[in-house]
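Shown next, in structure tokens, is the structure this report addresses.
Just so it is clear, none of the values below were taken in a lab; they were calculated from the coordinates. Not measured: the values here are computed from a predicted model. FYI the Cβ positions are ideal-geometry reconstructions off the backbone, even for glycines, and counts take in every protein chain you see.
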Amino acid sequence: MTRPVRAHINLQALQHNFSRVQQAAPRSRVMAIIKANAYGHGMVTVAQHLQDVDAFAVARVPEAVQLRQDGVDAPIVLLAGVMNSVEMKAAVEWGFEPVVHCHEQLELLEAVAAASVNVWLKFDTGMNRL
């Protein structure tokens, strides 16, 4: 029989850790990776609590849309990029910043060339993560 697992997040400790990162790198920008519901810790709660973060990163469009709908207005990076024209349209409309890591994503980007989209380019340096 398995026991239920629970994670209790101390938001004061989270803020303290974020402050330590800022102190360690005072001239750097900080992006909080909160994909997969902040690794099970509550993506929206974490995002709303870390209001001084420079950007958030999630894996996919639905996570980013949820953040926007819950009032998060910081830049949001889509780590997996967009997978089709519907997701690209959502990225443009909501102001998300997709990661581009393959030729197909470049084609989706070209299809919205009239729009202004900040993108991040991923280069495979040998780890083959995508």
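Quick notes
- Length released on extending from residue 102 to residue 24, taking residue separation times 0.36 nm less the Cα-Cα span: 24.7 nm
- Of the residues 112, 82, 99, the one that moves most in a GNM of the chain with alpha-carbon contacts below 10 Å is 112.
- FRET E, pair residue 128, residue 59, Förster distance 22 Å, beta-carbon r, rounded to 0.05: 0.80
- P(r) weight above 26 Å for the chain, C-alpha pairs, percent: 31 percent
- Prolate is the label for segment 38-101. Its Cα gyration tensor axes, ordered a ≥ b ≥ c, give a/c of at least 1.5 and a/b above b/c.
- When the chain is described by a simple charge dipole with +1 on each Lys and Arg Cβ and -1 on each Asp and Glu Cβ, the residue from 102, 14, 90 located farthest towards its positive end is 14.
- Sum of side-chain charges, residue 98 neighbourhood, beta-carbon under 15 Å (Lys, Arg +1; Asp, Glu -1): -2
- Computed [θ] at 222 nm, deg cm²/dmol, the chain (DSSP H ≥ 4; -39,500 (n - 2.57); rounded to nearest 500): -11500 deg cm²/dmol
- Potential lengthening of the chain between residue 66 and residue 36 amounts to 9.6 nm, from the contour at 0.36 nm per residue minus the alpha-carbon distance.
- The order of the peptides 65-74, 3-12 by mean Cβ neighbours within 10 Å, most packed first, is 65-74, 3-12.
- For segment 29-130, the list of chymotrypsin sites (Phe, Trp or Tyr not before Pro) that fall in a loop by DSSP and count at most 10 other C-beta atoms within 10 angstrom reads 123.
- Here residue 114 and residue 15 are evaluated by their C-beta separation; at R0 = 41 Å the FRET efficiency comes out at 0.50.
- For segment 10-111, the Cβ-based charge dipole about the Cα centre amounts to some 440 debye (Lys, Arg positive; Asp, Glu negative; other atoms uncharged).
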